[in-house]
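So the structure is just underneath, and the comments pick up after that.
The values are calculated or read from the model by the stated rules, or taken from the named source; none is laboratory data. If you're wondering where the values come from, they're calculated on a predicted model, not measured in any experiment. Here the Cβ positions follow ideal geometry from the backbone for every residue, glycine too, while neighbour counts run over all protein chains shown. SASA here: full protein model, heavy atoms, side chains in, ligands and nucleic acids out. Shrake-Rupley method; radii C 1.70, N 1.55, O 1.52, S 1.80 Å.
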Amino acid sequence: MSKTPEYKRILLKMSGEVLMGDQEFGLDPATVNRVADDIKESVDQGVEICVVVGAGNIFRGVSGAAQGMDRTTADYMGMLGIVINALALQNALENLDIQTRVMSAIPMSAICEPYIRRKAMRHMGKGRVVIFAAGTGNPYFTTDTAAALRASEMNCDALLKGTKVDGIYSADPQTDKSASRFDSLSYMDVLTKDLKVMDATAVSLARENNIPIVVFNIREKGNLAKVLNNNGVCTTVKN
Ligand code: GTP
């Protein structure tokens, strides 16, 4: 029998790479649908969910800058990539009859709603899944920072970071066999040990607003609900 989820309202952050499945690039429809299924499972348990996605499956601002492109232009291109991912996820969720709203930090009213905090709160209160697109709307900020910002603005009880590993390790588990997974860490541990789970701006913002960061493997089907029901494998960063 499933337990009552530990958190009432969460922000789910996932990288764009998650949505490309086993492909090298772009969106894998089967993976997008699978992620939507996972979100539905938790929505059906009464969890209020908002989502921030990245765009690494479409365009990476940082690597564009590394190749000589102006950093701000590259970052804006990344933000447009996020909008593509957000619309794909909205479509998949709506196919499952989940009410969903996409709100963009950069207004593009023909495509989705502009981000208005009070409107977003109203959507969430009605049980709609709100997908925040275009990051913070500013260059030089990561989608992790956008996630910590929106989680704070939406008064979320936790920020769940879905990645390809099942938590935070003492070293890279793919290259170092002695690496061990932490069950929990403090924000200061993450910052001072430079554990690279999220950038320092995002971790600091979560810390200031006392929002736990839960790192888990989103590539495994059903894991989101397991983690929310406190029977999944993850690392929790909190005070
Ligand atoms: P409430 O009435 O507050 O419950 O919210 P609602 O989102 O159902 O109502 P609203 O009339 O604001 O929106 C109806 C539909 O229009 C929803 O699918 C919205 O996502 C969409 N919508 C609202 N504002 C915009 C906008 O600025 N641009 C776009 N593209 N769609 C919008």
Could you tell me what % of all Cα pairs in the chain have separations over 25 Å? 37 percent
Inter-site label distance for D70 and M188 at 7 Å from Cα along Cβ, in nm: 4.3 nm
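Extension gain A30-E6, at 0.36 nm per residue separation less the Cα-Cα distance, in nm?
Gain in length upon complete extension: 5.8 nm.
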Which residue fluctuates the most in the chain, going by a Gaussian network model with Cα springs under 10 Å, if the choices are C156, C50, C112? C112
Taking the C-alpha atoms of the range 1-98, how large are the radius of gyration and the largest Cα-Cα span, Dmax, in Å? 15.4, 55
Filtering the chain for DSSP H helices with an axial alpha carbon extent of at least 24 Å and a Kyte-Doolittle mean of at least 0.0 returns 71-95
Scoring the chain by relative contact order with C-alpha pairs under 8 Å, at least six apart, yields a percentage of 23 percent
Let's see if you can work this out: charge +1 on each Lys and Arg Cβ, -1 on each Asp and Glu Cβ, no other charges. What is the dipole magnitude of the chain about its Cα centre, in debye to the nearest 20? 600 debye
Of the listed peptides 38-47, 121-130, 20-29, 138-147, what is their order by residue-averaged count of other C-beta atoms within 10 Å, with the highest listed first? 138-147, 38-47, 121-130, 20-29
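Would you mind working out the accessible area per residue for the range 9-237, using a 1.4 Å probe, and quoting it in Å²?
Heavy-atom SASA per residue in the range 9-237 reads 45 Å².
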Which percent of the accessible heavy-atom area of the range 5-77 goes to carbon and sulfur, probe 1.4 angstrom? 52 percent
Could you work out how much longer the chain between S170 and I116 gets when fully extended? Use 0.36 nm per residue separation minus the Cα distance between them, nm to one decimal. 15.5 nm
Cβ-derived FRET efficiency at R0 35 Å, K238 paired with S178, nearest 0.05: 0.85
Computing the accessible area with a 1.4 Å probe over protein heavy atoms, can you report the carbon and sulfur percentage for the range 107-171? 52 percent
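Calculate for the chain the 222 nm mean residue ellipticity that helices alone would give, adding -39,500 (n - 2.57) per DSSP H run of length 4 or more and normalising by residue count, nearest 500 deg cm²/dmol.
So the helix-based figure for the chain works out to -11000 deg cm²/dmol.
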Pairwise label distance in nanometres, M108 with K126, each label 7 Å out on the Cα-Cβ vector: 2.4 nm
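Filter K8/K238; K126/K164; K119/K226; K177/K221; K119/K238 down to the pairs with a C-alpha to C-alpha distance above 27 Å, please.
Long pairs (Cα-Cα over 27 Å): K126/K164; K119/K226; K119/K238.
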Which aspartates and glutamates, if any, have their Cα less than 13 Å from the Cα of K196, not counting same-chain residues under 8 positions apart? D144, D172
Between the range 6-60 and the range 177-239, the alpha-carbon center distance in angstrom: 17 Å
Once you have the Cα-Cα distance between N138 and D199, take 0.36 nm times their residue separation minus that, and quote the gain in nm to one decimal. 20.4 nm
Positive-pole candidate from A88, V47, A148, dipole of the chain, charges at beta carbon: V47
Springs between alpha-carbon pairs under 10 angstrom, Gaussian network model over the chain: which of A88, A200, A179 fluctuates most? A179
